[in-house]
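Derivation of every value follows stated rules applied to the coordinates shown; laboratory data play no part. This one's a predicted model, so the numbers in the text were calculated from it and none came from an experiment. All Cβ positions, glycine included, derive from the backbone under ideal geometry; neighbour counts span all protein chains shown.
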Amino acid sequence: MFEWAYIWVFWLAPLPILVIFLLPPVKKRRNALAAPFFNRLVEASGQEPRKGIGIARRQIPSFIALLLVWLLMLASLASPQLVGEPEERIKTTRNMMIAVDISGSMATRDWIIDNKRVSRWEAVKFVMDEFIEQREGDRMGLIFFGTQAYLQVPFTTDLKMVFNLLHEVEVGMAGQKTAMGNAIGRSVELFEADSVDKKVLILLTDGVDSGSEINPIQAARTAALDSVLIYTIGMGDPNAGLFDLDERTLRQIASETGGKYFRAIDREQLEGVYAEINMLEPIEYEDESYRPVKLLYFWPLSAAFIVAILHQLTLGLITLFRKVRWKNS
């Protein structure tokens, strides 16, 4: 369907005609031939001398060309466009924030992946890579916390950027403590600034809350008020003696928001945790406001430039022809 986006622009079409009738004609001063007997002629004729003024004549072809340029420019400003039929698009999306502990304990090399001993942080990145790839359609963000919580990636659908920025972080960059409460509080701030109803926070840690400015349980209750669903993941087995893991707090954080707590002792369990979270029902909504639009303003604009150039070339050729004819005569 062809439409004009700003059809009211055509109300300016009569403006050149109004200018012609309302403004006085252009006056041109011309040099006169000096005559030594001018005063005698004045006395003999009895007329009073006045300044001579030549009035420029309107050239109808030039007027038509310039009026056409004006109308074409108005047509361009009115933004002609081809508008398609409304399309219904079903989008699958939710806001998912992943808050990951990068305190000093995450550097402990007690995980085995592909028969190689790796650090806890390396294991998290290894599994999270696959998880991010499966989030197509979701808006994802990253928060890393240690002594403080830092936003690494705001909510975005650019999962490749999330993947790249995930691998730029190293253990200890946020401090040596484990401020879970700060991480939850920072996530809630970001969720509050967004209008999407489905809000999921995945909190992963291997330690006990320490150094938080806000109690993690209280932070979880605040998150529940904003309908934030928190899934907590505890890395390691607290009975093994290698992990200082506060499972009681992690369970309560998840319970306050209607979420769930998971324990991941090894890679297989951690992958299973992400697989279960993957089963969350996404939001589906119809967006009928989308209508494909193809802008056509450049066609009348190009035509206006062509007419203006042809008009100037024609005037130049006419002037040149007159000069040649005058010299020959």
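Assorted remarks:
- Net charge, Asn164 excluded, C-beta distance under 14 Å - Lys, Arg +1, Asp, Glu -1: -2
- Across Lys116/Lys260; Lys160/Lys198; Lys116/Lys198; Lys177/Lys260; Lys125/Lys177; Lys125/Lys260, pairs whose alpha-carbon gap is larger than 27 Å: Lys116/Lys260; Lys116/Lys198
- By DSSP, the beta bridges lying fully in the range 102-242 are antiparallel in about 55 percent of cases.
- Distance between the 7 Å Cα→Cβ label points at Asn215 and Arg40: 12.0 nm.
- Charged side chains reduced to their Cβ positions (Lys and Arg at +1, Asp and Glu at -1) give the range 90-286 a dipole of some 240 debye around its Cα centre.
- Net length available on complete extension from Lys323 to Leu295 is 5.5 nm, with 0.36 nm assigned per residue and the Cα-Cα distance removed.
- Positive contributions from Lys and Arg (+1) and negative ones from Asp and Glu (-1), summed over other residues with Cβ under 12 Å from the Cβ of Glu122, come out at +2.
- The smallest convex shape that holds all Cα atoms of the range 90-286, its convex hull, gives 104 Å³ per residue.
- Multiplying the residue separation of Arg248 and Phe63 by 0.36 nm and removing their Cα-Cα distance gives an extension gain of 58.0 nm.
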